[in-house]
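Structure, as structure tokens:
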Amino acid sequence: MVAGADAGAGYFDAALHKRETLMGKSGPSALLKNFKVFSIACFACIGGVLYGYNQGMFSGVLAMPAFQSHMGEYDPLDPNADQTKKGWLTAILELGAWLGTLLSGFLAEVLSRKYGVLVACTVFILGVIIQACAISAGPNAILAGRFITGMGVGSLAMIIPIYNSEVAPPEVRGALVATQQLAICFGIMISFWIDYGTNFIGGTELGEQTEAAWLTPICLQIFPAVVLFIGMIFMPFSPRWLIHHGREEEALKVLTSLRGLPPDHELLRLEFLEIKAQSMFEKRSIAEMFPNLREPTAWNIFKLQFVAIKKLFQTRAMFKRVIVATVTMFFQQWTGINAVLYYAPQIFKQLGLSSNTTSLLATGVVGIVMFIATIPSVLWIDRVGRKPVLTIGAIGMATCHIIIAVIVAKNIDSWSEHPAAGWAAVCMVWLFVIHFGYSWGPCAWIIVAEIWPLSTRPYGVSLGASSNWMNNFIVGQVTPDMLQGITYGTYILFGILTYMGAAFIWFFVPETKRLTLEEMDVIFGSEGTAQADFERMDEINNEIGLAQMLRGEGGNGSGKLGGTPPGEKETKIDEHHEGV
């Protein structure tokens with residue numbers, strides 16, 4: 001078993017070395033060499049922009065007097081209004097996104113990543129149209145539209161990174177997937193400034209401001225969604241999805257086009273065989289763990305994600321991973337980041353910025369500083385490590401919360417007499433967002449993605465994402481009631497929970513920087529899981545000719561994949577797999 005693990009790990013190292021010899025190392029030069037793929041990934045990241053835009057846009061809309069007048073009993077600015085209803089206005093999008101996340105894996109596997117994006121765009125556009133009809137349909141149209149839009153956002157947030165990772169060559173995969181996080185931050189940033197601009201339509205006071213002030217930022221998001229929908233029609237299918245569904249000749253053509261290499265090029269053959277090996281590995285893992293679900297029917301694929309997640313809770317070692325993934329995402333949301341993103345204008349007003357225009361301007365700065373703060377983490381996280389970044393970030397955010405609570409407690413009834421105190425609290429909010437941007441924003445997702453064995457990674461990541469969205473929904477729902485009911489206690493609660501998050505990371509979460517899968521097994525007490533995975537991969541690598549290719553044994557220059565055409569040996573392998 002251990003020998004199989006060593007051999008499997010050796011194949012990964014050998015493949016990396018051979019690829020670097022043929023292609024060169026990762027970095028900006030690799031992005032330039034793969035400019036076509038880079039362009040496709042950047043285009044697909046419009047989905048990330050839509051996600052971020054939705055996170056930030058509604059906070060400004062909630063603060064607009066015209067929207068206040070329109071929403072009636074859902075009046076988001078009336079201090080005497082039902083704050084729970086105000087919470088539903090915001091949080092219902094996260095509830096829809098949670099449902100969309102659960103369904104996205106099924107859509108992406110049955111329909112393909114490409115068509116899954118098209119379906120998600122359609123749902124998103126439908127939700128925007130329903131919200132645009134709120135003038136005549138009333139407040140319930142906003143609620144229904146945001147729920148449906150959330151379903152589209154949740155699906156896009158899951159499918160786009162999968163698509164980008166599968167069209168990208170290994171040399172630039174990390175950079176292209178990280179681009180999604182930057183796209184989200186970019187969407188948040190532009191949404192704040194669009195809100196700031198449209199707030200002036202007709203005027204900034206109640207009775208002057210027109211409905212266009214809040215309808216414009218809501219409707220604007222339909223245009224990038226339409227662009228993404230139309231553009232994805234012309235984008236290639238994921239080569240990995242094509243191979244996984246037996247369309248290997250088509251996958252080879254797509255890879256040839258994406259890489260700009262001839263079909264018999266050694267680098268292209270290497271990548272094709274690596275994808276083929278991973279596909280066969282997943283099929284055989286499913287056949288072993290869930291023999292009744294190995295046939296890839298739509299119903300089996302739908303059931304598989306739920307059955308597989310249930311299996312994660314059935315052993316102590318895997319349950320440790322479940323705790324790390326779900327609790328990390330719990331603390332990410334209870335840092336209060338989305339309370340700031342959703343209710344920033346109201347928070348800034350509570351901190352003494354009486355003018356709605358000024359509070360929106362301060363909110364715009366939030367988007368800029370978070371976008372800038374995210375960049376260093378993308379560049380340096382693999383060198384610094386996860387634990388120190390997450391711990392320092394959490395301590396920084398929690399300290400900002402406590403300082404804000406002290407300032408609010410001392411000045412809540414006298415902001416006009418102490419404007420400097422109000423601006424000090426605003427600066428603490430900006431500093432809080434900076435700490436989140438370089439730490440818990442990208443790093444929480446990194447940990448959730450890398451702690452799982454190969455055979456359970458898709459389901460583990462899905463479970464972590466589900467925890468993220470559900471806690472996101474809860475935070476969005478309860479924040480208005482907390483801001484009204486316990487005022488500065490809101491910041492104390494977020495601060496205490498964030499300190500607890502720092503302690504959780506430091507004492508209970510292992511450092512995962514540069515760890516192999518076998519080392520992950522040792523840390524989580526599941527020795528043998530990665531070894532078994534590698535042994536299975538070792539068998540597959542030998543079966544399809546990848547091992548021989550890495551050793552330089554035949555097939556080179558023949559124009560064949562691993563010494564055989566895609567339709568011959570691979571067909572026999574699939575037939576063999578059906579009997580597993």
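A few comments on the model shown:
- More than 23 Å apart - percent of Cα-Cα pairs taken over region 126-267: 52 percent
- Phi angles across region 83-95 convert, under the Karplus curve 6.51 cos²θ - 1.76 cosθ + 1.60 with θ = phi - 60°, into 3J(HN,Hα) values of 5, 5, 5, 4, x, 4, 4, 7, 6, 5, 5, 5, 5 Hz, Gly and Pro given as x.
- The residues S165, S359, sorted by heavy-atom accessible surface at 1.4 Å with ligands and nucleic acids left out, run S165, S359 from largest to smallest.
- Sorted peptide list for 131-140, 47-56, 366-375, criterion being average Cβ within 10 angstrom, highest first: 47-56, 366-375, 131-140
- Around the amide H of G352, modelled in the peptide plane, lies no amide H under 5 Å away from a residue 5 or more places distant or on another chain.
- Full extension of the segment from A420 to I372, taken as 0.36 nm per residue of separation minus the current Cα-Cα distance, would add 14.7 nm.
- Note: region 270-421, Cα convex hull, 218 Å³ per residue.
- If you wrap region 371-484 in the convex hull of its Cα atoms and look at it from every side, the mean projected area works out to 8.7 nm².
- Residues of region 87-122 falling in the label zone of A298, defined by backbone nitrogen less than 13 Å from a point 7 Å along Cα to beta-carbon, are 106-112.
- Selection among Q305, S285, P262 by position relative to the dipole of region 245-331 gives Q305 as farthest towards the positive end (Cβ unit charges, Cα centre).
- Legend: residue pairs K311/K387; K36/K387; K36/K276; K114/K283; K36/K513, Cα-Cα distance threshold 32 Å; pairs beyond threshold, K36/K387.
- Cβ-derived FRET efficiency at R0 22 Å, N542 paired with E249, nearest 0.05: 0.40
- Local net charge near I301, Cβ-Cβ under 10 Å (Lys/Arg +1, Asp/Glu -1): -1
- Applying the criteria of a DSSP loop state and at most 10 other Cβ atoms within 10 Å to the chymotrypsin sites (Phe, Trp or Tyr not before Pro) of region 86-138 yields no site.
- Extension gain from F306 to L206, taking 0.36 nm per residue of separation minus the Cα-Cα distance: 31.1 nm
- Multiplying the residue separation of I392 and S257 by 0.36 nm and removing their Cα-Cα distance gives an extension gain of 44.2 nm.
- Those residues of region 218-255 whose amide nitrogen sits under 16 Å from the label point placed on C133, 7 Å along Cα→Cβ: 219
The values are calculated or read from the model by the stated rules, or taken from the named source; none is laboratory data. What you are looking at is a predicted structure, and each value in this text was computed from that prediction instead of being measured. Don't worry about glycine lacking a Cβ; one is built from the backbone with ideal geometry, like all the others, and counts go over all protein chains shown. Keep in mind that these areas ignore ligands, DNA and RNA; they rest on the heavy atoms of the full protein, side chains included. Shrake-Rupley method; radii C 1.70, N 1.55, O 1.52, S 1.80 Å.
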